[in-house]
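Worksheet: the structure to be examined is printed underneath.
The values are calculated or read from the model by the stated rules, or taken from the named source; none is laboratory data. Predicted model only: the values in this text are computed from it and were never measured. Every residue, glycine as well, gets a Cβ built from its backbone with ideal geometry; the counts of neighbours run over all protein chains shown. Accessible surface is based on the protein model in full, side chains and every heavy atom, while ligands, DNA and RNA are left aside. Shrake-Rupley method; radii C 1.70, N 1.55, O 1.52, S 1.80 Å.
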Amino acid sequence: MSSGSGDKPRRFTTRDLADRKPSGPKLVVVTAYDALFGRLVDEAGVDVVLVGDSLGNVVAGFDSTLQVTLDQMIYHATAVRRGVQRAMLVVDMPFLSYQVSVERALMNAGRIIQESCAQAVKLEGADSDVLLAVRAITKVGIPVMGHLGFTPQSVLAFGGHRVQGKSDAAANAILVGARALEEAGACAIVLELVPAGLAGDVTRSVSVPTIGIGAGPDCDGQVLVLPDLLGLNDKFHPKFLKQYASMADDVRAAVGRFGDDVRDGRYPDSEHSF
Ligand code: KIV
């Protein structure tokens, strides 16, 4: 995608996001947490880079996303921003940054956009307080991505990582939530860990794109957490995950070879010395 002016690529926007719903191709979304991987995934041609609060798990080593703060999200988002030239940048609003009051939600969404130059924020859930926050944030012109199904900030309430929407009532709540998010102004909705049939029903019943993770093939796009996709996070093997590389093995092998070379005096040799 070119801007037509110089060689700076045109950025993927909310309009491109909306255009994909009727005509495809499917949206490709990955997470990133730093400038280096932000640049690499951008160069690989993804449409959207999500600075996910999954950084609590995959970067900080916590068991959940609940420990992640707004300042930490902004720190990582500003780093990713420096690497991403073309893809749309979306940043998760962390736990308690949007649930306490609409005013706080609005100020915190504004901070993310002003300090990281992201193009959208993502919020979890569709209860009445979240919907008020979505309405207020979109009203001032900040695009919002919703997130339904398994919403990681509610992991304690769910009692673990479980597929959501399995009963008729739970499935209906997700459908109703998706329609309410659309009505409140959300520009897209992530569907996490829901049965494929339900994700298809939600996708057909809203006019904004759905982006699935563990939600089957019928969503308008797919998202994966980058270290999972790359096989860097090799202790995590959920059913929905396809690993496209085995980078944990590569890291151990490369660092092991470096160690052997240093210990045996092969590195640095004359080629790598001044
Ligand atoms: O935090 C995150 O990475 C996410 C994705 C799993 C969608 O919300």
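So for the stretch 6-27 (the condition being open to solvent by 40 Å² or more (accessible area, probe 1.4 Å), assigned to a helix (DSSP H, G or I) and more than 28 Å from A133 (Cα to Cα)), does at least one residue qualify? Within the stretch 6-27, one or more residues are open to solvent by 40 Å² or more (accessible area, probe 1.4 Å), assigned to a helix (DSSP H, G or I) and more than 28 Å from A133 (Cα to Cα). Within the stretch 51-83, the only residue that satisfies the criterion of being open to solvent by 60 Å² or more (accessible area, probe 1.4 Å), over 25 Å from K235 (Cα atoms) and touching a helix residue (DSSP H, G or I) at 6+ places or on another chain (Cβ under 7 Å) is R82. The one condition from (1) open to solvent by 30 Å² or more (accessible area, probe 1.4 Å); (2) over 24 Å from S54 (Cα atoms); (3) in contact (Cβ under 8 Å) with a residue 40 or more places away in the chain that A184 does not meet is (1).
Report yes if some residue within the stretch 51-66 is within 12 Å of the ligand (Cβ to nearest atom), acidic (D, E) and closer than 20 Å to A136 by Cβ; otherwise report no. No; the residues of the stretch 51-66 include none that is within 12 Å of the ligand (Cβ to nearest atom), acidic (D, E) and closer than 20 Å to A136 by Cβ. All conditions but one from (1) open to solvent by 30 Å² or more (accessible area, probe 1.4 Å); (2) farther than 21 Å from G177 by Cβ apply to F240; the one that does not is (2). Selection of the stretch 219-274 for residues being of a type in the set (K, R) and either within 23 Å of V163 (Cβ to Cβ) or outside any helix (DSSP H, G or I) (or both) yields K235, K239, K242, R266. When the stretch 188-207 is filtered for residues that are in contact with a Gly (Cβ under 9 Å, 6 or more places away or on another chain), open to solvent by 20 Å² or more (accessible area, probe 1.4 Å) and either among the aliphatic types (A, V, I, L, M) or over 15 Å from T151 (Cβ atoms) (or both), the ones remaining, listed by number, are L193, P195, A196, G197. When the helices (runs of 4 or more DSSP H) confined to the stretch 35-133 are screened for residues that are under 19 Å from M145 (Cβ atoms) and over 16 Å from the mean Cα position of the chain (by Cα), those reaching at least 2 such residues are found at 102-116. When G110, G125, G146 are checked against the criterion of being within 16 Å of the ligand (Cβ to nearest atom) and within 21 Å of A87 (Cα to Cα), G146 stands alone in meeting it. Among all residues of the stretch 171-186, there is at least one that is within 30 Å of D34 (Cβ to Cβ) and of a type outside the set (S, T, N, Q).
Among the candidates D218, D234, D250, D228, the residue that is farther than 19 Å from G125 by Cα and buried (at least 23 other Cβ atoms within 10 Å of the Cβ) is uniquely D228.
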